[in-house]
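Taking it in order: structure first as structure tokens, then the write-up.
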Amino acid sequence: MSFNGKTVWVVGASTGIGKALAERLADDGAAAVCVSSRSEDALQAMAAERPAIRPYPLDVTDKAAVAAAAEAIEREVGAIDIAVFNAGAYTPMGLDDWDLAEIETGVAVNYLGVVYGLDAVMAPMRTRGRGRVALTASVAGYRGLPNAISYGPTKAAIISLAETLRNELKDAGVTLQVINPGFVRTPLTDKNDFEMPQLIEPEDAAREIAKGLQSDKFEIAFPRPFVWQLMLLRMLPYPWFFRLIRTMTGV
């Protein structure tokens with residue numbers, strides 16, 4: 001699949017992975033890359049550098065705003081061929097840092113924000129019998145990990161949501177994919193105070209995602225060596241898993 005002539009919608013596009021992906025898709029020939037986030041200034045700056053980029057600012061926790069943006073894109077630009085729901089919120093949180101407001105923010109942005117996006121694009125895509133949707137989760141959603149109370153469970157929910165919908169959407173002609181990055185240098189990971197193994201740059205992540213969007217595989221996961229380690233961790237029986245996590249992290 002080529003991006004030439006395609007209309008793409010990237011939500012969560014003002015920084016990090018989303019910004020790098022939107023810029024790459026514009027450079028790779030997409031007819032229009034519609035970008036959304038709360039930061040209108042950042043979106044306008046992106047659009048000033050690349051004519052194919054079209055800003056549609058919104059707050060992903062506002063379901064009416066998400067629906068309105070999708071309708072505006074379809075009306076003003078054309079049918080959305082590819083939608084990437086990438087907005088995310090992250091605050092490192094262990095039990096002693098328990099913060100209900102931060103947990104609610106994680107659910108609102110990381111999970112419901114994606115659900116609102118899906119709700120906005122699925123019906124038109126199913127009616128047309130074509131389309132592609134990618135949901136950004138994380139390898140942190142493979143298993144419950146320490147200090148990820150407001151983040152990991154929401155990413156696990158996204159993975160489960162994608163698995164749940166994959167076959168039914170495929171039957172309707174719509175390809176659904178899940179994106180599971182490892183550590184990527186972004187404003188979110190800048191909050192971490194620990195060494196992040198196999199940390200990559202947003203441009204590297206964008207390259208992997210763009211390649212994955214041109215395939216029919218369900219999961220776009222990277223960097224591969226780190227992903228394989230986490231996949232093995234996911235296969236461990238609970239007693240071994242909890243013992244290993246305590247050995248590795250002290251928690």
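The values are calculated or read from the model by the stated rules, or taken from the named source; none is laboratory data. In this text, all values refer to a predicted model and were calculated from it rather than measured experimentally. No Cβ is skipped: glycine too gets one built from the backbone with ideal geometry, and neighbour counts run over all protein chains shown. Each accessible area value is taken on the protein alone, full model and side chains, heavy atoms only, with ligands, DNA and RNA left out. Shrake-Rupley method; radii C 1.70, N 1.55, O 1.52, S 1.80 Å.
Listed values for region 41-46 are Karplus-derived 3J(HN,Hα) couplings in whole Hz (6.51 cos²θ - 1.76 cosθ + 1.60, θ = phi - 60°), namely 4, 5, 5, 5, 5, 5, and x replaces Gly and Pro. Calculation over all alpha carbon pairs of region 83-122 in 10 angstrom steps from 0 returns a P(r) of 30, 43, 20, 7 percent. Here the Debye sum runs over all C-alpha atoms of region 120-251 as equal scatterers in vacuum, and log10 of I(q)/I(0) at q = 0.15, 0.23 Å⁻¹ comes out as -0.79, -1.46.
The candidates Met235, Met196, Met93, arranged from most to least accessible area with a 1.4 Å probe in the full protein assembly, appear as Met235, Met196, Met93. Here the simple spin-label model places points 7 Å from the Cα toward Cβ, and for Asp216 and Met235 these points are separated by 2.6 nm.
For the chain, state the average projected area of the convex hull of the C-alpha atoms over all orientations, rounded to one decimal in nm². Numbers along the way, then the final one.
On the way: hull surface 52.3 nm².
Result: a mean projected hull area of 13.1 nm².
Among the protein heavy atoms, those of Thr164 account for about 90 Å² of accessible surface (1.4 Å probe, every chain in place). Ligands, DNA and RNA are left out, and with a 1.4 angstrom probe the accessible area of the chain is 48 Å² per residue.
For Ala83, nonlocal amide neighbours, meaning residues 5 or more places apart or on other chains whose placed amide H falls under 5 Å from its own, are Trp9, Arg132, Val133, Ala134. Here the chain exposes an accessible surface that is 53 percent carbon and sulfur, computed with a 1.4 Å probe and the other protein chains kept in place. Just checking the listed ones, Pro202, Pro146, Pro181: in the Gaussian network model of the chain with Cα springs under 10 Å, the one fluctuating most is Pro146.
In order along region 160-171, phi translates into HN-Hα couplings of 5, 4, 5, 4, 5, 8, 3, 5, 5, 5, 4, 5 Hz, rounded to whole numbers, per the Karplus curve 6.51 cos²θ - 1.76 cosθ + 1.60 with θ = phi - 60° and x for Gly and Pro.
Computed 3J(HN,Hα) for region 133-145, one whole-Hz value per residue from the Karplus formula 6.51 cos²θ - 1.76 cosθ + 1.60 where θ = phi - 60°, is 10, 10, 10, 7, 10, 5, 5, 5, x, 5, 8, x, 10, glycine and proline marked x. Over region 177-251, the fraction of Cα-Cα pairs per 5 Å bin, rounded to whole percents and listed from the shortest bin up, is 3, 14, 19, 21, 20, 13, 8, 3, 0. Close amide H partners of Met93, meaning residues 5 or more places away or on another chain with modelled amide H under 5 Å apart, are Ala148, Ile149, Ser150. Over the chain, dividing the summed -39,500 (n - 2.57) contributions of all DSSP H runs of at least 4 residues by the number of residues returns a 222 nm mean residue ellipticity of -14500 deg cm²/dmol. Just need log10 I(q)/I(0) for region 113-184 at q = 0.14, 0.15 Å⁻¹, Debye formula, equal scatterers on the alpha-carbon atoms, no solvent, rounded to two decimals. Relative scattering, expressed as log10 I(q)/I(0), comes to -0.46, -0.51.
Rg/Rh, computed from the Cα trace of region 1-102 with Rh as the Kirkwood radius, has the value 1.05.
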